[in-house]
1. Suppose R0 equals 51 Å. What FRET efficiency, 1/(1 + (r/R0)^6) with r the Cβ-Cβ distance, do Asp160 and Leu360 give to the nearest 0.05?
2. Out of the total accessible area of region 241-303 (probe 1.4 Å, heavy atoms of protein only), what percent is carbon and sulfur?
3. Rounded if a/c is under 1.5, else prolate if a/b is larger than b/c, else oblate: which is region 153-224, with a ≥ b ≥ c the root eigenvalues of its Cα gyration tensor?
4. In whole Å, what is the distance between the alpha-carbon centres of region 403-421 and region 168-242?
5. Give the calculated FRET efficiency between Thr344 and Glu187 to the nearest 0.05, with a Förster radius of 41 Å applied to their Cβ-Cβ distance.
6. Please give the contour-minus-distance gain from Ser124 to Lys271: 0.36 nm per residue of separation, less the Cα-Cα distance, rounded to one decimal in nm.
7. Ignoring ligands, DNA and RNA, what accessible area per residue does region 201-334 give at 1.4 Å, in Å²?
8. Subtracting the Cα-Cα distance from 0.36 nm times the residue separation, let me have the gained length for Gln329 to His218 in nm, one decimal.
Amino acid sequence: MSEPDKFEDDLLYALTRTGEGFRPDQTDQAGLVAGGYQRGRRRWRRRSTAAVVGGAAALALVGTGAVYLTGNGSPSGGTATVAAASSASAASAASAAALTPASAGAGTPTPTAAATVSGDEVLSTFKALLPKGGITGAGGRGTDDPQLKGTYVGAQLVFDDGAGKSLLMLGVQKHRPGQSQDRSCPELKPGQLDACSVTTLADGSKLYLSEGYEYPDHRATTKEWMASLTGPDGREINLSEWNSPQEKGAPDSRPNPPLTLDQLKAIVTDKSWDRIVAAVKPDGVDYAALSTGVSLQDRQAILTRLLPAGVSTTKVDGNEVVMNVELAQGGVTGSLVVRMQKLTGQTEEAKDGSQGATTLPEGGQLKLYGPGTANPKGAPMAEVVRNGVLVQVGEPPTGKPLLSLDQLKAIATSPEWKPRK
């Protein structure tokens, strides 16, 4: 996979973490989990817009495939919001005051990470946390699965406490520092959710609990209740249950899913997940590994010096690699994205002198993108590779153009973009 394609995939993956895990049809165990993961990935992509609204913003600028990652990756606010609760919710809330699981608020894991965690281990850990009842159709997937590359584990099963079968799905993943996105309760429409809350636990973890429906428009009566835990160590543990043996396409088997919100909370906060979380590899882009050591503040200062006369910055945010900038010139506003990163083994291909690249007098290579260039696709952008550092300066496709391509070139080719590590 090329570096541009990898960045685009990582961007979509990182910004659309809905933790939905497995969404398979009821077939054999291997098919259950494999099919569910692929379906979950498709949903991540379909729901990218909604995820961006609730978390960090992202813009992808694709010239010859170069992708700009923007936003600071910080979590969205976690203010508690509670919808009008159903009678079942009220009972659950009442029991919450009396029931505080000993494992609630599990902190950063201390055990040594196992080399691998098998799907059977994930499944057995999940089963051990369930109340008494019958279990069928069980399957798990671990860090040894080559398709998932160690960044996701999960399990699913059909649980029956004697009052009707219920599908339960659990997924565990881990995000890099500063890249977790907490769930938040939406502005609820009548009937969309029966209950929703977000609370901060003693260790700083954020716990999301909701009682909702498989279809918000109630085209079917199937309910989905869920718990989602995001922790300071990057963990994200998601658990969903339905009042049906299938997520879709099967009659309801009971009025409500079998586990209360307290029970869902007890499962996702249990310390038995610590060892599994420790074995899971972080997903998404490792911005720290790509950092040149130039802080966001210093990059902003460099850009300010390089902007044309009369152009000023009105807002700047970003991370170790990307800087998102809003510009103003008189009464005209515009947007700019600046990406500065070290070249890694996967980005060495940027130095291959491909079509459209020219050698700069002071060394390094320059490529220009946009209409009228050798690389006409995408928004206007100037890209320089010099001394192991990639600098890209361009306009996001959703922003308003303010600088000309020559002005972008002047900024990108400046010798001021020097690494500090």
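1. On the way: r = 69 Å, r/R0 = 1.35.
The value I calculate is 0.15.
2. Working: 1170 of 2150 Å².
Here carbon and sulfur together make up 54 percent of the probe-accessible area.
3. Numbers: a/c = 2.11, a/b = 1.28, b/c = 1.66.
It comes out oblate by the Cα gyration axes.
4. Going from one Cα centre to the other spans 43 Å.
5. On the way: r = 42 Å, r/R0 = 1.01.
The calculated FRET efficiency here is 0.50.
6. Values: separation 147, 0.36 × 147 = 52.92 nm, distance 1.43 nm.
Value of the extension gain: 51.5 nm.
7. Working: 4910 Å² over 134 residues.
For region 201-334, the per-residue accessible area is 37 Å².
8. Numbers: separation 111, 0.36 × 111 = 39.96 nm, distance 4.95 nm.
Additional length available on full extension: 35.0 nm.
The values are calculated or read from the model by the stated rules, or taken from the named source; none is laboratory data. In this text, all values refer to a predicted model and were calculated from it rather than measured experimentally. Glycine also receives a Cβ, built like all others from the backbone with ideal geometry; neighbour counts cover every protein chain displayed. Note: areas computed on protein heavy atoms with side chains; ligands, DNA, RNA excluded. Shrake-Rupley method; radii C 1.70, N 1.55, O 1.52, S 1.80 Å.
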